[in-house]
Amino acid sequence: MSWSLKPDSLERREMYQDFMKSIPIPTCRRSVIPFTSWQGLGGSVKALYGQPLHYLTNKLLIEWDHSRVGSNDMCQPLDTIIHPLKAEALIWVTEEVHRLTTSPQYLASLWTSNLMYHAHIDPIFP
């Protein structure tokens, strides 16, 4: 299913949000995932569970990685700072918030202001 959305298509945003809302959040952890960055952990989570992450979760992981630039532990792998199980749980809680509470109107406002929004939408395989 292609999610290349037209800027004026609120219906497509509603379809995206409804689909994301319908995907159950995993309740059992499959493995301890080593990771060096938030985006790396996000990619591993997507691969391990076979699920896309919400647009807002993907954007947040990028922001969290950028927030480390210039810190004393910038070059240290994140899994030595934050336990991998806690980090994965944080991603799933964040994902649940984004899937269940984001309005299509809010997505419309974000996507209208960023013409490259589709770069942060994971492919969806129903």
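The values are calculated or read from the model by the stated rules, or taken from the named source; none is laboratory data. Note that the structure is a prediction, hence the values are computed from the model and not measured. Here the Cβ is made from the backbone with ideal geometry for all residues, glycine too, and neighbour counts use every protein chain on show. To get the accessible areas, we keep the full protein, side chains included, count just its heavy atoms, and leave off ligands, DNA and RNA. Shrake-Rupley method; radii C 1.70, N 1.55, O 1.52, S 1.80 Å.
Right, residue 100: assigned to a helix (DSSP H, G or I), hydrophobic (A, V, I, L, M, F, W, C) and free of Cβ contacts under 8 Å to residues at least 40 places away in the same chain or not? So residue 100 fails the test.
Go over the candidates 73, 65 one by one and state the one that is touching a residue at least 24 places away in the same chain (Cβ under 8 Å), acidic (Asp, Glu), open to solvent by 20 Å² or more (accessible area, probe 1.4 Å) and farther than 28 Å from residue 11 by Cβ. Lay out the reasoning, then the answer.
Numbers: 73 fails: touching a residue at least 24 places away in the same chain (Cβ under 8 Å).
Selected residue: 65, the only one of 73, 65 that is touching a residue at least 24 places away in the same chain (Cβ under 8 Å), acidic (Asp, Glu), open to solvent by 20 Å² or more (accessible area, probe 1.4 Å) and farther than 28 Å from residue 11 by Cβ.
For the stretch 85-126, taking the residues that are under 15 Å from residue 16 (Cβ atoms) and among the charged types (D, E, K, R), the one that is most open to solvent (accessible area, probe 1.4 Å) is identified as 122.
Within the stretch 27-47, restricting attention to residues that are over 19 Å from residue 73 (Cβ atoms) and within 14 Å of the chain's Cα centre (by Cα), the residue that is surrounded by the fewest Cβ atoms within 10 Å (Cβ to Cβ) is 47. Among the residues of the stretch 91-105, is any within 16 Å of residue 35 (Cβ to Cβ) and aliphatic (A, V, I, L, M)? Yes, there is a match, as at least one residue in the stretch 91-105 is within 16 Å of residue 35 (Cβ to Cβ) and aliphatic (A, V, I, L, M). The set of residues in the stretch 13-47 that are touching a residue at least 24 places away in the same chain (Cβ under 8 Å), of a type in the set (A, V, I, L, M) and over 15 Å from residue 96 (Cβ atoms) comprises 32, 33, 41.
For every residue, the table says whether it meets (1) modelled with pLDDT of 95 or more; (2) under 16 Å from residue 122 (Cα atoms).
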site	(1), (2)
9	no, no
17	no, yes
28	no, no
39	yes, yes
49	no, yes
72	no, no
75	no, no
79	no, no
99	yes, yes
